[in-house]
Amino acid sequence: YTVFCLCAFSVLGEALRVFLANLFGGECRHEDTPWLYTVVTAANVCVTSNGATGLPGGALFLDLPANMLGSFVMGMLQPTRDLGLLNDMPIAFLNQRHRYQSWKIAHIGLRTGFCGSLTTFASWNTQMVVMIMGAGGGGSQF
């Protein structure tokens, strides 16, 4: 059951990471999904870039929104012992008697599977190198 939770939450985290990358910048350069392209351009949320200059979008790397969200969720799911609090509870921001406090396997799935795949360190490193070196010889963002 633990492996199933890890796999299921990992797939959800990866799907959300790809969606957020497209929402905040990927669809500004491609019209692969017409409804999402319409939403992105109408709301003008093109704040990320793939590292190439001369393209719409900002100087933020594609995975920044996903990394921010994943870090926030991971922070909210911290146990009290990691925060130095007196009570020993699996989730610090929930009431001690909350039913979710006893769902140990779901905690593992959310912390490791969902947040781990949402905030992939490898994709962050790749985006930073591309932004520093420039994508395809097009020059650096810095």
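Here are a few things to note about the model shown:
- Highest-first arrangement of 6-17, 76-87, where packing means the average Cβ count within 10 Å: 6-17, 76-87
- Cα gyration tensor, the stretch 66-115 - rounded (a/c under 1.5), prolate or oblate: oblate
- Computed 3J(HN,Hα) for the stretch 72-82, one whole-Hz value per residue from the Karplus formula 6.51 cos²θ - 1.76 cosθ + 1.60 where θ = phi - 60°, is 5, 4, 4, x, 5, 9, 6, x, 5, 5, 6, glycine and proline marked x.
- The accessible-area ordering, largest first, of the residues SER71, SER117 stands as SER71, SER117, per a 1.4 angstrom probe.
- Taking PHE24, PHE19, PHE114, PHE93 and ordering them by how much accessible surface each has at a 1.4 Å probe, largest first, produces PHE93, PHE19, PHE24, PHE114.
The values are calculated or read from the model by the stated rules, or taken from the named source; none is laboratory data. On a predicted model such as this, the values are computed, not experimentally measured, just so you know. With ideal geometry, Cβ positions are generated from the backbone for all residues, glycine too; neighbour counts draw on all protein chains shown. Please note that ligands, DNA and RNA were not included when accessible areas were found on the heavy atoms of the full protein model with its side chains. Shrake-Rupley method; radii C 1.70, N 1.55, O 1.52, S 1.80 Å.
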